[in-house]
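Visitor: The structure under discussion is supplied below as structure tokens; questions concerning it will follow.
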There are 2 protein chains.
Amino acid sequence: MTSTKERILNTSLALFNRQGERNVTTNHIAEALGISPGNLYYHFRNKGTIVAALFERYSQHLLTLLEAPQGPLTWTIKTYYFEGLLASMWQYRFFHRDLTHFLHADAELAARYQAFVEIVLERGRVIYGELRSSGILELDDEQLQGLMVNTWVLMSSWAGLVHGLRPDAAADEALDEALMRHGVYQIICLEEPFLRGEAREHLEEMKARYRAANNTSTLLLGHVPGLDRTGSE
Amino acid sequence: MTSTKERILNTSLALFNRQGERNVTTNHIAEALGISPGNLYYHFRNKGTIVAALFERYSQHLLTLLEAPQGPLTWTIKTYYFEGLLASMWQYRFFHRDLTHFLHADAELAARYQAFVEIVLERGRVIYGELRSSGILELDDEQLQGLMVNTWVLMSSWAGLVHGLRPDAAADEALDEALMRHGVYQIICLEEPFLRGEAREHLEEMKARYRAANNTSTLLLGHVPGLDRTGSE
DNA sequence: TGATTTTTAGAGTAATTACTCTAGGAGTCA
DNA sequence: TGACTCCTAGAGTAATTACTCTAAAAATCA
């Protein structure tokens, strides 16, 4: 049986993801757990502590994933790797969504967050560097840096963007999953031009794996707009 | 002399951008303007109305910019064009930053926002399509769609990302400007692989124009990390 | 068993904050 | 001048909500 402390974190996370931290009160959390507010405050001295603890979990998890790009990476493995990363971030999506307020309210968290991003970018560069060494990517240093930043922007914002366009998705597990996977697809789009050799050959296969059954607009906007009109014939 | 209503919007915008909507109370706004809360509520029946009005301004402004890509675009013009877009979004940066809560609190705004994004993407595709016709970009339909979505992610999230990493930037106008321009640079990185002909020739010039004096990491993280270590020699 | 510590309940509080209400100033028009 | 409308002040309220406090149950340990 998980400890009360853990259960508080888990439920908070779920509620935050679904409704946004701002709309989830501490009493709310307690009620959802079937415990008293007093009990909650016995374990966490304030709401910010809960957020900070969740950030700790999140950052540890992500940094661990970024730690070990084991051996020479193939293109397929790399893609699964990205899926894992995005899935982890998706689990804690409330964080990037409500980031502004958290960092404004807690200077220490702000500092920790900044250090965190720094390491993420550093390790990301290493990984992209290895992909370059393996001949999977072909780009110069500046392009690598640009790609890295854009990848981070995409990964850290994808959940928020999706939430803005499809707030209903939280209720539908299949849709939720599809939208997350679409994020991986967008990352593939980001790197596509730099792919070489074997990777290039498997590109279409990988894209197909992560492309939504419907096209982007259908998924993100909930119906079919005039995508075809921009055709290049 | 601008009307009180206008002044309320302007000050709200400035405060929201600087401190985040959540940390700016209505009394705060009134005080900053030197008017009474009663007066404020005479002009806007609640806080959400202010946000909605600012969104109206913002969306109108952006859609107007996206309306008229006048005649055959050159690569340089296009880049200035992107600068204009990002600058506009930068002016209303609080919006994308605090989006979650706004859309959660106001269903009508959520609907309007969704329609807005739809049009933005549609017009963006048209513009990218014209760049393709002009021989500036070379990509297929699917790549164009992917690029469009990634551009939107970048544009709509850039301000939030920057704010998380450099909350101090709001106080320093030069830094603020540099960070915004860096967003343009990242957009250029996004398209770089698809550039052809004349555009390709001017690429370095354009990159130099928008690249920060220091490198990305310096700017975003406030000091120099080990960027050089990923060298490709 | 009794003593001590950990965990829980739940009523209650203090502070914040969006918003109201009344009354009066300031233009405008007859 | 007076009537009427628009705008403003500012004290005040109601509701929310993060958080406290006391006491008691439950676990731990001697």
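The values are calculated or read from the model by the stated rules, or taken from the named source; none is laboratory data. All of these numbers come straight from a predicted model, not from anything done at the bench. Because the Cβ atoms are built from the backbone with ideal geometry, glycine has one as well, and the counts that use them run over all protein chains shown. Only protein heavy atoms, including side chains, enter the accessible area calculation; ligands, DNA and RNA are left aside. Shrake-Rupley method; radii C 1.70, N 1.55, O 1.52, S 1.80 Å.
Visitor: Across segment B:173-202, what is the total count of residues that are within 14 Å of another protein chain (Cβ to nearest Cβ) and without any contact (Cβ under 8 Å) to a residue 60 or more places away in the chain?
Guide: 11
Matching residues to (1) without any contact (Cβ under 8 Å) to a residue 60 or more places away in the chain; (2) at the interface with chain B (Cβ under 7 Å from one of its Cβ atoms); (3) assigned to a helix (DSSP H, G or I); (4) surrounded by 20 or more Cβ atoms within 10 Å (Cβ to Cβ):
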{"site": "A:GLN114", "(1), (2), (3), (4)": "yes, yes, yes, no"}
{"site": "A:GLU118", "(1), (2), (3), (4)": "yes, yes, yes, no"}
{"site": "A:ARG132", "(1), (2), (3), (4)": "yes, yes, yes, yes"}
{"site": "A:MET148", "(1), (2), (3), (4)": "yes, no, yes, yes"}
{"site": "A:MET155", "(1), (2), (3), (4)": "no, no, yes, yes"}
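Visitor: Here's something else I'd like to know. Inspect all residues belonging to segment A:209-226 and state whether any of them is open to solvent by 20 Å² or more (accessible area, probe 1.4 Å) and modelled with pLDDT of 90 or more.
Guide: The answer is yes; a qualifying residue exists.
Visitor: Can you go through B:TRP158, B:TRP90, B:TRP152 and tell me which one is of a type in the set (Phe, Trp, Tyr) and under 16 Å from B:PHE55 (Cα atoms)? Quick ask: steps written out before the conclusion?
Guide: On the way: B:TRP158 fails: under 16 Å from B:PHE55 (Cα atoms); B:TRP152 fails: under 16 Å from B:PHE55 (Cα atoms).
B:TRP90 is the lone residue from the list that is of a type in the set (Phe, Trp, Tyr) and under 16 Å from B:PHE55 (Cα atoms).
Visitor: Scan the helices (runs of 4 or more DSSP H) fully inside segment B:7-100 and keep the ones with 2 or more residues being open to solvent by less than 30 Å² (accessible area, probe 1.4 Å).
Guide: B:26-33, B:47-67, B:75-91, B:93-97
Visitor: Please go through segment B:3-40 and give me each residue that is farther than 23 Å from B:ALA170 by Cβ and away from DNA strand C (no atom under 11 Å from the Cβ), ordered by number.
Guide: B:SER3, B:THR4, B:LYS5, B:ILE35 - these are the residues of segment B:3-40 that are farther than 23 Å from B:ALA170 by Cβ and away from DNA strand C (no atom under 11 Å from the Cβ).
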